[in-house]
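Read the structure below first, then the notes.
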């Protein structure tokens, strides 16, 4: 396994992986150009869930080197967005780039390691902050893994997480997390200075994360 680990860390092992990211808002760019460029330059398949959800699932599939390239481009794009948002801001400290991976819960134990040893090793060797959520995402058997740091630290961290995922495949069936539509409040009654709000519930079985956007 050691030879395999070294090759994966260098992005040289031609193993096909699927990594899922959880993002807020739109990530396509104008006319889908951002995602199209990422697909073409990385060689990875990148699909974004559709629907009126505040959260989107970004699915990245391909050989390890293509996935690393795609993550590098995503992290750099996020850093660009942070820099742009700070141009007219009074904030002096630059926030780190933050990505949220969606990982089967059965693989999280290997990612954390005995007594937290593996996740500590990843943090120390990459310089990235890594947090594994204690609870599973709603209606799924997946957990969110939050990675924060510089683009370089994030890509090194993703490489190490990919090694763990290759070494420890998911156990049993995985129920994937699918974002639900936003519940916008609707005013249904008003009395004096008091307003009563109700949260609409999505129709039974409705799931706005089921459709995947095809390649542009």
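Please treat every number below as a calculation from the coordinates, not as lab data. For clarity, every value in this text was computed on a predicted model and none was experimentally measured. Every residue, glycine as well, gets a Cβ built from its backbone with ideal geometry; the counts of neighbours run over all protein chains shown.
Of note:
- Anisotropy class assigned to segment 2-167 is rounded, per the alpha carbon gyration tensor with a/c under the 1.5 cut-off.
- Taken along the Cα-to-beta-carbon direction at a fixed 7 Å, the label points for residue 83 and residue 15 span 3.4 nm.
- At full extension, residue 34 and residue 76 could sit 13.9 nm farther apart than now, given 0.36 nm per residue minus the alpha carbon distance.
- Each of 159, 120, 114 was scored by other Cβ atoms within 10 Å of its Cβ. Arranged with the fewest first, they read 114, 120, 159.
- Fully extending the segment from residue 41 to residue 174, taken as 0.36 nm per residue of separation minus the present Cα-Cα distance, adds 44.8 nm.
- Label-point separation in nm, residue 92 to residue 52, each point 7 Å along Cα→Cβ: 4.4 nm
- Length gained on full extension, residue 125 to residue 139: 1.7 nm, using 0.36 nm per residue less the C-alpha separation.
- Contact order normalised by residue count of segment 2-167, Cα under 8 Å, 6+ apart, percent: 23 percent
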